[in-house]
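Student: Have a look at this one.
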Amino acid sequence: MDHHQHRRRLYNTHVKLLAFDLLSLLQTPSHSSSDPISFSRKGALLSRAETVGTVTSRELKPSKFLKFTIDDGTGCVGCVLWLNHLASPYFARRSPSDVRLIAEAANRFAAEIRLGVVARVRGRITSYRGTVQITVSDVVVERDPNAETLHWLECMNLARKCYDASGL
Amino acid sequence: MASSAIKSGTLVSLQDIYLSSPFFKQGASLRVTGKLQEYSVETAVAIVVDGNANLKINTQHLRDLSFRVGSFYQFIGELLIQHDNEAILQARVGRNVDGIDLNLYHQSLQLLRKFQADHLSTT
């Protein structure tokens with residue numbers, strides 16, 4: 001694997017990072033118009049993340065977005081779930097039935113995000129006012145009371161055995 | 001963004017909350033887990049226990065949570081230390097965690113603290 005490939009080896013995976021780790025990613029301005037900021041951890045470029053924790057805040061702007069906070073015990077990750085698919089010009093180019101399905105899924109996720117539930121959230125790593133956040137693509141509410149504990153163990157294991165590995 | 005003002009509840013065991021502990025601070029944001037020993041509908045004050053440690057929880061801001069003595073609960077909130085040095089957690093969120101493996105939880109918590117300390121010392 002050459003240096004370029006090595007830097008991008010985690011790029012298309014949802015990295016499972018603890019909040020304190022996710023919030024300390026290095027942010028660098030990039031030349032791409034779709035992703036104006038690139039995120040990296042120990043030299044590896046990242047674009048997607050998964051987090052699991054308790055929902056501790058929720059701010060809904062109907063038909064626009066739901067902003068919420070996931071607290072995993074090591075930090076709070078801000079999340080934004082867009083709910084503007086039917087009005088957004090970005091989605092106008094796509095098939096109306098696909099857009100409707102995406103919009104329905106987003107509304108379902110928004111209804112599941114309630115204060116105090118434990119949610120597993122996946123999405124793109126983005127930045128808002130200089131702070132790392134997740135632009136949500138899917139949400140699963142965890143029923144197993146051990147889900148967070150198992151997520152911590154998985155994050156620690158992956159960091160040590162996979163994400164931190166230099167491989168070069 | 002409103003969420004940036006929300007503080008993370010530091011993960012603690014009930015045994016970690018005592019007078020000279022670093023977690024025993026006015027306004028400290030904590031996450032605690034324990035078995036419900038008592039609950040008063042009048043005051044909305046709950047008492048949770050873990051081994052020989054216990055803590056009072058003010059649950060007046062919580063909705064949609066039913067309290068059953070003997071069940072396990074987890075709360076995130078701020079510690080209020082009263083004049084007599086008695087602590088009470090002002091809960092922001094709470095949930096029932098019946099079925100939690102507390103042994104695994106406490107062991108994982110120790111690993112997590114070490115992992116975090118190691119990570120912060122290398123960055």
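The values are calculated or read from the model by the stated rules, or taken from the named source; none is laboratory data. Nothing here was measured: the structure is a model prediction, and the numbers come from that model. Glycine also receives a Cβ, built like all others from the backbone with ideal geometry; neighbour counts cover every protein chain displayed. Surface accessibility is based on the protein's heavy atoms, side chains included, excluding ligands, DNA and RNA. Shrake-Rupley method; radii C 1.70, N 1.55, O 1.52, S 1.80 Å.
Student: Provide the buried accessible surface between chains B and A in square angstrom, both chains summed, 1.4 Å probe, rounded to the nearest 100.
Tutor: The summed interface area works out to 2700 Å².
Student: To the nearest µm²/s, what D does Stokes-Einstein give for the protein assembly as shown at 20 °C and 1.002 mPa s, using the Kirkwood radius over alpha carbon pairs as Rh?
Tutor: So the translational diffusion coefficient is about 105 µm²/s.
Student: Between A:Gly73, A:Gly116, A:Val99, whose Cα lies farthest towards the positive end of the dipole of the range A:72-123 when Lys and Arg beta carbons carry +1 and Asp and Glu beta carbons carry -1, centred on the Cα centre?
Tutor: Going by the charge dipole, the pick is A:Val99.
Student: Also: Treating only the Cβ atoms of Lys and Arg (+1) and Asp and Glu (-1) as charged, compute the dipole magnitude of the range B:24-123 about its Cα centre; round to the nearest 20 debye.
Tutor: 240
Student: Right, something else. With axes computed from alpha carbons, what is the tilt in degrees of helix B:102-122 against the longest principal axis of chain B, rounded to the nearest 10 within 0 to 90?
Tutor: The answer is roughly 40 degrees.
Student: Shielding by partners for A:111-121, please: the mean number of other protein chain Cβ atoms within 10 Å of each residue's Cβ.
Tutor: Averaged over the peptide's residues, the number is 3.
Student: Need one word for the range A:1-128: rounded, prolate or oblate. Basis is the Cα gyration tensor (sqrt eigenvalues a ≥ b ≥ c); a/c below 1.5 gives rounded, then a/b vs b/c decides.
Tutor: Cα axes put the range A:1-128 in the oblate bin.
Student: Summarise the accessible area of chain A (1.4 Å probe, protein heavy atoms) by the percent that is carbon and sulfur.
Tutor: Here it works out to 54 percent.
Student: Averaged per residue, what accessible surface does the protein assembly as shown expose to a 1.4 Å probe, in Å²?
Tutor: 51
Student: Okay, next question. Taking loop as defined by DSSP and a crowding limit of 13 other beta carbons within 10 Å, which trypsin sites (Lys or Arg not before Pro) in the range B:1-109 fit?
Tutor: Loop-located and lightly packed - B:Lys25, B:Arg63, B:Arg68.
Student: Something else about it: Please report the carbon-and-sulfur percent of the accessible area for chain B; probe 1.4 Å, protein heavy atoms only, DNA, RNA and ligands left out. Each step should come with its number before you reach the end.
Tutor: Values: 3360 of 6510 Å².
Using a 1.4 Å probe with all protein chains present, chain B comes out at 52 percent carbon and sulfur.
Student: While we're here: So what is the calculated 222 nm ellipticity per residue for chain B, using -39500 (n - 2.57) for each DSSP H run with n of 4 or more, over all residues, to the nearest 500 deg cm²/dmol?
Tutor: Computed mean residue ellipticity for chain B: -6000 deg cm²/dmol.
Student: Additional query: Would you report the distance distribution of C-alpha pairs in the range B:12-106 as whole percents per 5 angstrom bin, up to the bin with the largest distance?
Tutor: 3, 14, 27, 27, 18, 8, 2, 0
Student: Could you state the principal axis extents of the C-alpha atoms in the range A:74-156, from the largest down, to the nearest angstrom?
Tutor: Projected onto its principal axes, the Cα set of the range A:74-156 covers 42, 31, 22 Å.
Student: Enumerate the calculated ³J(HN,Hα) couplings along the range B:10-15 in order (Karplus 6.51 cos²θ - 1.76 cosθ + 1.60, θ = phi - 60°), each rounded to whole Hz, writing x wherever the residue is Gly or Pro.
Tutor: Per-residue couplings from phi come out as 4, 6, 9, 8, 4, 5 Hz.
Student: Next up: Does the range A:117-162 classify as rounded, prolate or oblate by the C-alpha gyration tensor (a ≥ b ≥ c root eigenvalues; a/c under 1.5 gives rounded; else a/b over b/c gives prolate, otherwise oblate)?
Tutor: oblate
Student: Can you list the HN-Hα couplings for the range B:33-42, worked out from phi with the Karplus curve (6.51, -1.76, 1.60; θ = phi - 60°), rounded to whole Hz and with x for Gly and Pro?
Tutor: Values, residue by residue: 9, x, 8, 6, 9, 8, 8, 10, 5, 5 Hz.
Student: Give a residue-ordered list of calculated ³J(HN,Hα) values for the range A:75-82 (Karplus: 6.51 cos²θ - 1.76 cosθ + 1.60, θ = phi - 60°; whole Hz; x for Gly, Pro).
Tutor: Residue by residue, the range A:75-82 yields x, 10, 9, x, 10, 10, 10, 6 Hz.
Student: Kindly provide the chymotrypsin sites (Phe, Trp or Tyr not before Pro) of the range B:1-94 that DSSP labels as loop, not H, G, I, E or B, and whose Cβ sees at most 14 other Cβ atoms within 10 Å.
Tutor: Passing sites in the range B:1-94 are B:Tyr18.
Student: A further question follows. Could you give the distance between the Cα centres of the range A:126-163 and the range A:20-88, to the whole Å?
Tutor: Here the two parts' Cα centres lie 11 Å apart.
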